[in-house]
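What follows draws every value from the coordinates through simple rules; no lab data is involved. Computed from a predicted model, the values in this text were never measured in an experiment. FYI the Cβ positions are ideal-geometry reconstructions off the backbone, even for glycines, and counts take in every protein chain you see.
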Amino acid sequence: MTRKEATAQGGASSRPGGRRSGARRSRPKGRSRLLKGLGVLAAFAVLACGGFGWVWLKLSGDIGTFDQGGVAKDRPDDAGPGENILVIGSDTRSGKNKELGGGEGDIGRSDTAFLLHVYADHRHAVAVSVPRDTLVEIPRCRLPDGSWSEPQPNTMFNAAFTVGQTEKGNPACTQNTVEKLTGLRVDHTVVVDFNGFSELTSVVGGVPVCLPNDIYQRDLSPKRPTRGDLVFHEGLQKVSGQRALDYVRLRHGVGDGSDIGRIKRQQAFVSALLKKVKEKGLTPTRLLPLAEAATGSMTVDPGLGSADKMLSFALSLKSVDLHNTKFVTIPWRYEGERVAIVQPDADRLWAALKADKPLAGAEKGTSKSADAKNDGKDADKSAEPVTGAGITVAIRNGTTVPGLAAKAAGILGTGGFTVASTGNAADLTAATTTIAYGPGEKKSATTTARWFPGANLTETGTPGITVTLGRTYADDPAAAPATPQSDTPAKPVGSDARSADENPCEDLSYG
């Protein structure tokens, strides 16, 4: 029996196949869904602390599953210690969801997802949020008629859930996208809606949150002509029910008004809930409503599709410590109104999780600055990222791997380059990346080459700079375009981590 099989004994499959959604539809654009994940984590935490298995026997009928047909056959290897759980938020306009602000329309959507890595020691965990607007490659995904879609390069991450345009959404496609993005195999996938969470937050007696300033009705509804009534007062307070939903949806009137800021605020909310559950514990009388709210709001893969399997998995998390439960966001930067992934930082994050290693910068007190080792002496020398401002390039895919030119264009665009065009090269057998430049453009070509480690520079008589991507770019993440720093070491992976035991008033703006 393997380690993961031992972890999952009692019926919990550690390697489910593809899933078909039992998910629901979303709220209007601009409202995030990280709240759904807290139900799963909170329910697991409560069961692990209390061990009330009899509750799950009663709730078996409430646990919905989706089928396995939509997960890609070409998946990352079943290798590496630890467990990876993908949590996807979805909602619907039907029933109580609409009363609480559920979405409109007839297409299932999800604007929030995070990948929870539970370390092999079952004492540490990291949840990595992926912003909804992150530009990624959505691989082939199964459609309702059984056919498969074509890959979609340079596409917003949350579009994966809408592939097929169905009311239930497409969680298998989101899983395929996450596996393609991270190179990690997903052990379990959970889709959660929000209709039970007003009850959930009430059952635990409210969740402590903290705001840097007063919040009014117009902050929740920006089109409102007047400021309206006070909704949240400045400082520490406790929220439950509708107020908890309003808090996690809040975007305007706090911090920089970004979705990234809201993700950080939601991570603080989940942290506060888990902390309260762990510290307070629940009696069997109070546990049952919590479990009912959680299981009634989620759909899981077959590996978690019964009470005993869910309990077995929950008990495997019993020893995960709050301080050792970290929340991070995938390394990112803005690309216009979208979010681009920062490399090689992201690949270093995935590599650490695959190897089951702690994140180097996740502990408080760990240096968050490359200059710390010099006692700040070189702080004034920390160079800005190398910029492509004023440089125009054309990008050609010199391989048969689809989507490479668009991927490189998206990353270069974040560095200030102007991408004149993308497309396929005449020769699709390029082994290495080549940067061809015209007369007088060597300096700009050399700057461009710093984004493509190992690229060859070639001078031609044709004006302009053309990047032809080779197999080194397709096969080796280290050869992918990255934002080079002028001799400045990379920021430690996990330096933006938040622990589940942190004070909710830490970092009030959250972005």
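Some notes on this structure:
- Computed from backbone phi with θ = phi - 60° and the Karplus coefficients 6.51, -1.76 and 1.60, the 3J(HN,Hα) list for segment 323-333 is 5, 8, 9, 10, 10, 9, 10, 3, x, 8, 8 Hz; x is used for glycine and proline.
- Entries of 168/275; 73/275; 73/168; 357/442 with Cα pairs more than 30 Å apart: 168/275; 73/275; 357/442
- Residue-span extension gain [residue 237 to residue 221] - 0.36 nm each, minus C-alpha spacing: 3.6 nm
- Cross-link check: pairs 238/309; 278/318; 180/354 evaluated at a Cα-Cα cut-off of 22 Å; pairs beyond the cut-off: 238/309.
- Net charge of Cβ neighbours under 10 Å - reference residue 151; Lys, Arg +1; Asp, Glu -1: 0
- Fully extending the segment from residue 428 to residue 357, taken as 0.36 nm per residue of separation minus the present Cα-Cα distance, adds 21.8 nm.
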